[in-house]
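Quick one: the structure is below, questions incoming.
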Amino acid sequence: MNEIAIKTFTTADAFQSFSANFLNNEICTRWLINRLHPDGAVCPHCQTKIIDETTLDNFANMSRCKCKSCNKWFSATVGTILHNAHLEPAEVYLLAVLLELKIDIKTIAKILGVHPGSIKNWKMKFEVCG
């Protein structure tokens, strides 16, 4: 059986790019999209390159997209570490930076307002996928 590789980025990647600009959710979203999809927007179902302007805008905003070739719905998070993340892009980015700085899991959980178990799960995702 073929395993599908999950697209991700490393906590070191996040830390190296960190600046005050990353407190902005749009900048974080753009950074994440560029890291997770370096070859551009592609339908995860049929691998067709997305060229329609509206679909590209939706993809860039991590909104739902419909492929013009196979008519399937998807978003930019499908097949990535962000799929079903339940965190905003800026929160995921900050989480990655804090993990790279070796900040205590309980402290990160408090900063992000999530359960420490969630931070442990994210830490494992970055370790396994990175």
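The values are calculated or read from the model by the stated rules, or taken from the named source; none is laboratory data. Just so we're clear, the structure is a prediction, and the values are computed from it rather than from any experiment. Methodologically, a virtual Cβ is constructed for each residue, glycine included, from the backbone with ideal geometry; neighbour enumeration extends over all protein chains shown.
Name the single residue, out of those in the stretch 80-130 being among the acidic types (Asp, Glu) and out of contact with any Ser or Thr (no Cβ under 8 Å at 6 or more places or on another chain), that is modelled with the highest pLDDT.
The selected residue is 104.
While we're on this one: Quick one: how many residues across the stretch 9-59 are under 21 Å from residue 102 (Cβ atoms), surrounded by fewer than 18 Cβ atoms within 10 Å (Cβ to Cβ) and touching a Lys or Arg at 6+ places or on another chain (Cβ under 8 Å)?
Number of matching residues: 1.
Which residues, counting only those in the stretch 42-54, are part of a helix (DSSP H, G or I) and either in contact with a Ser or Thr (Cβ under 8 Å, 6 or more places away or on another chain) or among the polar types (S, T, N, Q) (or both)?
Scanning the stretch 42-54 gives a single hit, 54.
From the list 57, 39, pick out the single residue that is among the acidic types (Asp, Glu), in a loop (DSSP other than H, G, I, E, B) and more than 27 Å from residue 121 (Cα to Cα).
39
Right, another one. Out of the residues in the stretch 79-129 meeting the condition of being of a type in the set (Ser, Thr, Tyr) and more than 15 Å from the chain's Cα centre (by Cα), tell me which one is farthest from residue 32 (Cα to Cα). Steps first, answer last, please.
Residues of the stretch 79-129 of a type in the set (Ser, Thr, Tyr): 80, 93, 107, 118.
If we keep only those that are more than 15 Å from the chain's Cα centre (by Cα) too, we end up with 107, 118.
Details: 107: 23, 118: 20 Å.
The qualifying residue farthest from residue 32 (Cα to Cα) is 107.
Since residue 68 meets every condition but one in (1) within 24 Å of residue 119 (Cβ to Cβ); (2) assigned to a loop (DSSP other than H, G, I, E, B), which condition does it not meet?
For residue 68, the failing item is (1).
Output the number of residues of the stretch 73-130 satisfying the condition of being touching a Phe, Trp or Tyr at 6+ places or on another chain (Cβ under 8 Å), of a type in the set (Ser, Thr, Tyr) and crowded, with 20+ Cβ neighbours inside 10 Å.
1
While we're here: Please go through the stretch 106-130 and pick out each residue that is part of a helix (DSSP H, G or I) and touching a residue at least 24 places away in the same chain (Cβ under 8 Å).
Listed by number, the residues that qualify are 112, 119, 122, 123, 125, 126, 129.
In addition: All but one of (1) in contact with a helix residue (DSSP H, G or I) (Cβ under 8 Å, 6 or more places away or on another chain); (2) touching a residue at least 40 places away in the same chain (Cβ under 8 Å) hold for residue 64; state the number of the condition that does not hold.
Single failed check for residue 64: (2).
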